[in-house]
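Q: This structure is in structure tokens; I'll ask about it shortly.
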Amino acid sequence: MTANPDEGATTATAGRDELSGAGADQDDIVGAGAGRGEIVGAGAGRGELSGAGADQGEIVGAAPAPDGPVSVIDYNERIPNNVGLATDRKLQRALQAWQPKFLDWWASLGPSIPTRDVYLRTAIAVGRDGWANFARVPMQQYRWGIFLSERNPDRTVGFGRHLGEPAWQQVPGEYRADLRRLIVVQGDTEPASVEQQRHLGMTAPSLYDMRNLFQVNVEEGRHLWAMVYLLHAYFGRDGRDEAEQLLQRNSGDADKPRILGAFNEQTTDWLSFFMFTYFTDRDGKYQLGTLKESGFDPLARTCEFMLREEAHHMFVGTTGVQRIVERTAALLAAHGTDDLWDLGGIPLAVIQKYLNFQFSVSLDLFGSETSSNVASYFTAGLKGRWMETRRKDDHLLADATMQIPVVAGDTITTRTVPMLTALNLDLRAEYVADCERGIRRWNRELEQTGLPHRLTLPHEGFNRKVGAFAGHWVSPSGELLAAADWDGQAAGWLPTPEDRAGVAALMQPHYEPGEFASWIAPPGVGINDLPVEYDYVRF
């Protein structure tokens, strides 16, 4: 895609940075449902579909003016970027040599359904809001690039032993291995989710949802580019070798799996996908938020811009589950039974099981409650806390303590540890509070239908493989169980093969504009204020 508007192109703000934690539902959908002939950009004047070309989606109308510093992205380059790649020929050649390998990976492990073009957004400038161009694009021609937020020349390290020192523009030698590892682990998650989701287009419940899936996929691909740029630009031969490995590991591969367990799980259906984008992409938000505080400025600026794009991914999960709950609630109220398979709906009990599973495996991504590595990362200034600059403390934590959960005999209790070692739990607590907001939103659908049922988050110890609860059997309500009791009740808490088969049977494709599967309600508005019935994907 070029920066110039193409067929069906318009310019608007990209998704809002969800750093507040409360804005998961605010993204590139603005306004309250424009009519078929009307397009409203975020802050733009009202445009109209041009007469003769209306069915082709040609849009006219002024784009909004930026209200902050802007760095325009150069789309004349083979690799679009705003990092001056053309001034470093060695780096440029290395990344251009990696590019065809990435495209081969996308062709073999990216979305498997063939399409003509998709209505996608891509960044065309970097500023406080992030600016995007919306256009119909053949996915294989999507312009993946390297985008960093604007540099603040006065930025200083905000925590740890280097507090107050100028942020680093190069990698400090003593932190080289740790920074490389942090970047590699983050980078490994980006292509993994694309691999997990590659066949979902075959069973898309609508063109609207298929387009959202593909938007998530191409942006995860761009986030891979962001990490690969850092590896090539700042870590020499070791970094180039790690960049190669990012394409050689594959989700679920028996010999070369992805680094983190949740990214080797199968995403078998759209309920799994929406739960993944709500819970697991939200983990990504919090991990990026800690790296955004890094004293290594290029990493911080990379993650700051990634967070703006990541907001859309969580929006997809939040509203996707909400629309499923809305449809389930309507069927439940109309028929008085949760046995909805034959009615074309997903039982609420099955939705709860999927929620339990995805939440628990996402908690494992935060690691153990205590970690000497995380303490070292913080003290060194490599990885901060969520919203570090807004914390009202000394940003050193030398004397701070925190309560962590422990299992002692047949009791779940707590013990006090130095806060420096408990930063994984500190971050996890922020994440859980954020997840609760989405649960309340989904439960409003049940309340508005007059139903007494409610979805809930399971206890933090439920179904855990990492940390204090690993090796213990904890019910969703927080009761410690014997292994035999767990075995007898787990089918009521986690998806069974029969549950997954029931969901899979509903996963029938719906490719006509405005058509939606029976198990999910349509959205209230379309993308970028296009109508819901727009043909967002063409074959």
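Q: What fraction, in whole percent, of alpha-carbon pairs in the chain exceed 33 Å separation?
A: Result for the distance tail: 41 percent.
Q: Expected output is a single nm value to one decimal: the length gained when fully extending between Ala408 and Gln508, i.e. 0.36 nm times separation in residues minus the C-alpha distance. What is it?
A: My answer for the length gained is 31.2 nm.
Q: Here's something else I'd like to know. What is the extension gain from Glu515 to Asp241, computed as 0.36 nm multiplied by their sequence separation minus the C-alpha to C-alpha distance, in nm to one decimal?
A: Residue separation times 0.36 nm, minus the Cα-Cα distance, leaves 94.0 nm.
Q: Under the rule a/c < 1.5 gives rounded, and otherwise a/b versus b/c splits prolate from oblate, where does the stretch 257-326 land using the Cα gyration tensor?
A: Working: a/c = 3.52, a/b = 1.65, b/c = 2.13.
Verdict is oblate for the stretch 257-326.
Q: Let me know the charge dipole size of the stretch 145-202 about its Cα centre in debye, to the nearest 20, where only the beta-carbon of Lys, Arg (+1) and Asp, Glu (-1) is charged.
A: It works out to roughly 60 debye.
Q: Setting aside same-chain residues fewer than 8 positions from Lys285, which lysines have a Cα under 24 Å from its Cα?
A: Lys353, Lys383, Lys392, Lys465
Q: How many percent of all Cα-Cα pairs in the stretch 212-270 sit more than 16 Å apart? Before the final figure, lay out the partial values.
A: Numbers: 974 of 1711 pairs.
Result for the distance tail: 57 percent.
Q: Something else about it: What are the principal axis extents of the Cα atoms in the stretch 397-539, in Å, biggest first?
A: 57, 42, 36 Å, listed from the longest principal axis down.
Q: Let me ask something additional. Tell me, in nm to one decimal, what length is gained between Asp399 and Ala429 on full extension, where the rule is 0.36 nm per residue of separation less the Cα-Cα distance?
A: Taking 0.36 nm per residue and subtracting the Cα distance, the gain is 8.8 nm.
Q: Counting residues in the stretch 262-383 as N, plug N into 2.2 N^0.38 Å and put the Cα Rg over that result.
A: Working it through for the stretch 262-383, the quotient is 1.35.
Q: Moving to a separate point now. If you average the alpha carbon positions of the stretch 144-196 and of the stretch 502-536, how far apart do those two centres end up, in angstrom?
A: The stretch 144-196 and the stretch 502-536 have Cα centres spaced 38 Å from each other.
Q: A further question follows. Considering the Cα trace of the stretch 321-430, what is its radius of gyration and what is Dmax, both in angstroms?
A: When restricted to Cα atoms, the stretch 321-430 yields Rg and Dmax of 20.8, 60 Å.
FYI, it's all coordinate maths here, none of it is from the lab. It should be emphasised that the depicted structure is a prediction, and the values quoted were computed from it without experimental measurement. Glycine gets a Cβ as well: all are built from the backbone with ideal geometry, and neighbour counts include every protein chain shown.
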